[in-house]
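This report refers to the structure that appears directly beneath it.
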Amino acid sequence: MTILAVSISAESVEKAQEQIDRSVCQGAEAIELRLDFLENPEEAAAANLVKYVKAKGLPVIATCRHISEGGSADWPTEKRLKVLTAAMEAGADFIDWEFAQYLQPGVQEMLTAALRRFRTCRLILSAHDFHGPFEDLSARYEAMRTLCPEAVVKLVYTAGHINDCFEAMDLLYQEKEDLIVFAMGPAGMITRILAKKLGGFLTFACPEEAAAAAPGQIPVRKMKTLYRWDALNRQTELYGIIGNPVGHSLSPAVYNGCFDAQGRNALHLPLEVGGGQAEFNLFLQSVLQRPWLDFRGFGVTLPHKSSALEFVHQEGGYLEPLAERIGAANTVKIGHNGQVSAYNTDCVGALNALTETLGVERKELRNQEAAVIGAGGAARAVIVGLMDAGCRVTVYNRTLEKAQSLAEEFGCRAAPLEEIRSCRARIFINCTSLGMAPNTDSTPVPAEVFGPNSVAFDTVYVPLETRFLREAKAAGARVVSGAEMFIRQAVVQYRHLTGVEPDELLLRRIVMEKLK
Ligand code: NAP
C-alpha cells in the first residue's frame, strides 16, 4: 500500500508542530521531518519532533538533506548523522540518506552500525537531480539496489515536460521491490499522484501550497479530495484534460466529483502538454504504448484541439464527421486495443446552451442574424452549430484574414472587428478570450451594440459574469454564460469517454461552486 507522506519543512519546532497537526487532520499517512530546514537542526529538536509525530500514531521519516540535493543549508556530515541518530533513538521509522553521500569514506560503516542498533528503522537511500531526468534511471536504480539491498531506493528527478514522466512510471510499474520514484516540478505532478496506482512505496505531499519542501508537491488535502487518494488502486482507470495551461481547468473537479458520486474506480488528471503537434503526439503515443496505465480518454483544450484531430487521423482512428468539419476535437477516447476516436462537444454544448437558456427550439434560430466575435477554435465550433441551425452568421475578428478564411470555409460573412459598432445582429457571441480573468475589464464590443432584443452569449466562463454579459444585461438583453456551454459540452464528453451519463445536477453544482 502506497503511503501518503507529508513533508514538514518548518524553521522552528513550534511551526513544525503546527504543520504536523494540520497535516494529520487532513489525512497524512506518514510525516517526513525535513530537519535540515530547522534554523539549527540539533539532536533535541529532532527527538522532540519524532516523538510528537509518533504520539499521533504515524510513521516518521527523518531527513536532514545534503545541500547538493536540495538541503536548506550546508550542514556538516557529522551533524547530519548525529541528528538522524537522535531521530532513530526517538523512534523514527525511516531515515533518508543520499546515495552520493553514502559513498563518502566512512559514512556507510557509520550508518550501517547505527541502523543495526535501531532495527525497526529502515534506510531510504535517495538520489535527486534538480536539473532534469537522470542519464540512466534504470542503471542508477540497479547500482543503488545492489549496494544496499535492504534499503528503500528513492529516485527523484526534475521533469521539464510531462513526456519526461514516463520513465519514472515505467520503473515503478516494472519493479516489485520497495521503491520511490517520481518527477519534481509542475510537469512531474502526475508521477506523484500515480505512485499509488503503480505500487510505489510512498509519495510526498505538502501541508499546504506555501509550505512545499520540493517543487511540484501537492497539498495533502488536494491529494485526498480532488485526486481521490483513498480510492486509487492498480485497477483505477485514468482520464485527463490535455492543454497548456490546464491549471485553471474545471474538468478534474467535475469528473472526479462525478466518479465519487458514481463509485467509479477512476481518476481525472490535469495534463499540461507544452509544445505543439510533435509533443502532443509523443504524449499520446507514450500513453498508447503503456496500456497498463489504463488511460481511457481525454478532454482537449487550447492549444491542442487541431493536434488532437490530426493525431487521431494519423492513427487511422474514428473521426466524428462534426469534429472533422469544425477542424478541431476537444475529446479523444481510447477504446479497446488502443483504438482512438475524436469528437467535438463544444459545438453541441454551445448550441444547447443558447437554445435551452432562451427556451427555444433550434428551428427558431433559422434566419436569425448572428455576430460571432473571434475566429479561433471556439468560433469554429460555434459557427458550424449556428450555420446548421440556419442562422445568418457574420464573423468579426481582430485579424480580418482569419475571419475571411473562416467565412470562405463555412459559407458565412466576415468583417473587421471595428465594424461591430454598426452591426445589426440579434445574437452576439463572444468567442475571443477578452474578458477572461485576470483581464476582466476587457470586452470585444462597445456596450451600445446591445438593446432589449439582443441575445449576448459569452463563451468565456471565468468569471461567471463577464463585462460583455454585464453590459448586455444592463441594456435589457438576454444573456447566456460560458458556464452553460461548459456544462453542456462536459455532459456530452463524459458520456463519450465513460459510456455512462453523468449526474447533470451534480456536474452543474460543481461548476457553479468553482466559478463562484
Ligand atoms: P483561440 O483559438 O486562441 O482564439 C482566440 C480569439 O480571440 C482569436 O479570434 C483572437 O483574434 C481573439 N483575440 C484574442 N485576444 C484579442 C484581443 N486582445 N483583441 C481582439 N481579439 C482578440 O481561442 P479559442 O480556443 O477559440 O477560445 C476562445 C475562448 O473561448 C476562450 O476564452 C475559451 O475559454 C472559450 N471557450 C469556452 C468554452 C466553454 O465551454 N465555455 C469552450 C471552448 C472555448 P486574432 O485572430 O486576431 O488573434
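For the cross-link pairs 402/516; 82/222; 56/222; 196/333; 56/176; 222/402, which exceed 32 Å when the distance is taken from alpha carbon to alpha carbon?
402/516; 82/222; 222/402
Just from its helices, what would the mean residue ellipticity at 222 nm be for the chain, if runs of 4 or more DSSP H residues each count -39500 (n - 2.57) and the sum is divided by every residue, rounded to the nearest 500 deg cm²/dmol?
Estimated from H runs of four or more residues: -11500 deg cm²/dmol.
May I ask you to derive the relative contact order of the stretch 35-99, considering only C-alpha pairs under 8 Å and at least 6 residues apart, and to give it as an integer percent?
Computed over the stretch 35-99, the figure is 44 percent.
Tabulate in residue order the Karplus-calculated ³J(HN,Hα) for the stretch 195-209, using 6.51 cos²θ - 1.76 cosθ + 1.60 with θ = phi - 60°, rounded to whole Hz; enter x for Gly and Pro.
Per residue, the Karplus-derived 3J(HN,Hα) values read 3, 6, 4, 9, x, x, 5, 7, 9, 10, 10, 10, x, 7, 3 Hz.
Over the Cα atoms of the stretch 3-228, what is the Rg over Rh ratio if Rh follows Kirkwood?
Here the Rg-to-Rh quotient is 0.93.
Show log10 I(q)/I(0) for the stretch 347-480 at q = 0.09, 0.13, 0.15, 0.18 Å⁻¹, two decimals, from a solvent-free Debye sum over equal Cα scatterers.
Taken in order of the listed q values, log10 I(q)/I(0) reads -0.21, -0.46, -0.63, -0.94.
Could you tell me the ratio Rg/Rh of the stretch 79-199? Both radii from Cα atoms, Rh via Kirkwood.
Value, to two decimals: 1.00.
If you keep only loop residues by DSSP, which GluC sites (Glu not before Pro) in the stretch 1-100 have at most 16 other Cβ atoms within 10 Å of their Cβ?
When the GluC sites (Glu not before Pro) of the stretch 1-100 are filtered for loop state and at most 16 Cβ neighbours within 10 Å, 11, 39, 42 remain.
Provide the packing ranking of 227-233, 56-62, 243-249, i.e. peptides ordered by the mean count of other C-beta atoms within 10 Å per residue, highest first.
56-62, 227-233, 243-249
Just the accessible area per residue of the chain, please: how many Å² with a 1.4 Å probe?
On a per-residue basis, the chain sits at 41 Å².
Can you compute the equivalent ellipsoid semi-axes for the stretch 232-322, i.e. the square root of 5 times each eigenvalue of the Cα gyration tensor, sorted largest first and rounded to whole Å?
23, 16, 13
I need to check one value: relative contact order of the chain, counting alpha carbon pairs closer than 8 Å and at least 6 residues apart, in percent.
It rounds to 9 percent for the chain.
Could you look at the stretch 244-315 and say what percent of its accessible area is carbon and sulfur, using a 1.4 Å probe and all protein chains?
50
Just how many % of Cα pairs in the chain lie over 40 Å apart, if you round to the nearest whole percent?
Value for the chain: 34 percent of Cα pairs lie more than 40 Å apart.
Given H placed on each backbone N at 1.01 Å, which residues far from residue 369 in sequence or on other chains put an amide H within less than 5 Å of it?
Result for residue 369 returns 392, 426, 427.
For residue 363, list the lysines whose Cα falls under 28 Å from its own Cα; do not include residues on the same chain fewer than 8 positions away.
473
Please sort 208-220, 428-440, 377-389 by packing, taking for each peptide the average over its residues of neighbouring beta carbons within 10 angstrom, highest first.
Descending mean neighbour count gives 377-389, 428-440, 208-220.
Whenever you get a sec, compute what percent of the accessible area on the stretch 347-480 sits on carbon and sulfur atoms (1.4 Å probe).
Here it works out to 46 percent.
The values are calculated or read from the model by the stated rules, or taken from the named source; none is laboratory data. All values reported here derive from a predicted model rather than from experimental measurement. Cβ coordinates were reconstructed from backbone atoms using ideal geometry, including for glycine residues, and neighbour counts include every protein chain displayed. The protein model used for the area step is the full one, side chains on, heavy atoms only, and it has no ligands, DNA or RNA in it. Shrake-Rupley method; radii C 1.70, N 1.55, O 1.52, S 1.80 Å.
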